[in-house]
1. Taking all protein chains in place and a 1.4 Å probe, what share, in percent, of the accessible surface of the chain do carbon and sulfur account for?
2. How big is D, in µm² s⁻¹, for the chain by Stokes-Einstein at 37 °C and 0.692 mPa s if Rh is the Kirkwood radius over C-alpha pairs?
3. Per-residue HN-Hα couplings for the range 34-50, Karplus 6.51 cos²θ - 1.76 cosθ + 1.60 at θ = phi - 60°, whole Hz, x for Gly and Pro?
4. For Ile33, enumerate residues with amide H under 5 Å from its amide H, sequence gap 5+ or separate chain, H modeled in the peptide plane.
5. From the helices alone, meaning DSSP H stretches of at least four residues, give me the mean residue ellipticity at 222 nm for the chain, per-run term -39500 (n - 2.57), in deg cm²/dmol to the nearest 500.
6. Whose amide H sits under 5 Å from the amide H of Ile53, counting only residues 5 or more places off or on another chain, with H placed in the peptide plane?
7. Starting from the chain, pick out the trypsin sites (Lys or Arg not before Pro) whose DSSP state is loop and whose Cβ has at most 10 other Cβ atoms within 10 Å.
8. Rounded to the nearest 10 Å², what accessible area does Ile6 have for a 1.4 Å probe in the complete protein model?
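The values are calculated or read from the model by the stated rules, or taken from the named source; none is laboratory data. Computed from a predicted structure; not experimentally measured. Because the Cβ atoms are built from the backbone with ideal geometry, glycine has one as well, and the counts that use them run over all protein chains shown. We work out accessible area using only protein heavy atoms, side chains counted, and drop any ligands, DNA or RNA first. Shrake-Rupley method; radii C 1.70, N 1.55, O 1.52, S 1.80 Å.
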Amino acid sequence: SDTCIISCDHATPCELKVHSPDLVPLLIYGDKIKSDKTNFFGESFAAKGELKIKHATQVLPYVLNL
């Protein structure tokens, strides 16, 4: 089955005008992905999601182990 992964490279809030340590939004969609209650895609919603990936290097291993 197919899996779709959508993200961005870093958070850059307009107020700071520089990169910040904020969580980067990550959307993973597929047949084997359990949906959480997050219904918007953005930095402030990334912290509310149930996906416990904290580093970019964890994304591919997570998807491959589904």
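1. On the way: 3140 of 5520 Å².
About 57 percent, which is the carbon plus sulfur part of the accessible surface.
2. Working: Rh = 12.9 Å.
Estimated diffusion coefficient is 255 µm²/s.
3. Listing the rounded values in order: 7, 6, 10, 8, 6, 10, 9, 10, x, 4, 5, 8, 4, 5, 8, x, 8 Hz.
4. Hits under the 5 Å cutoff: none.
5. -3000 deg cm²/dmol
6. none
7. Values: sites: Lys17, Lys32, Lys34, Lys37, Lys48, Lys52, Lys54; in loops: Lys17, Lys32, Lys34, Lys37, Lys48, Lys52, Lys54.
Filter output for the chain: Lys17, Lys32, Lys34, Lys37, Lys52, Lys54.
8. It works out to around 80 Å².
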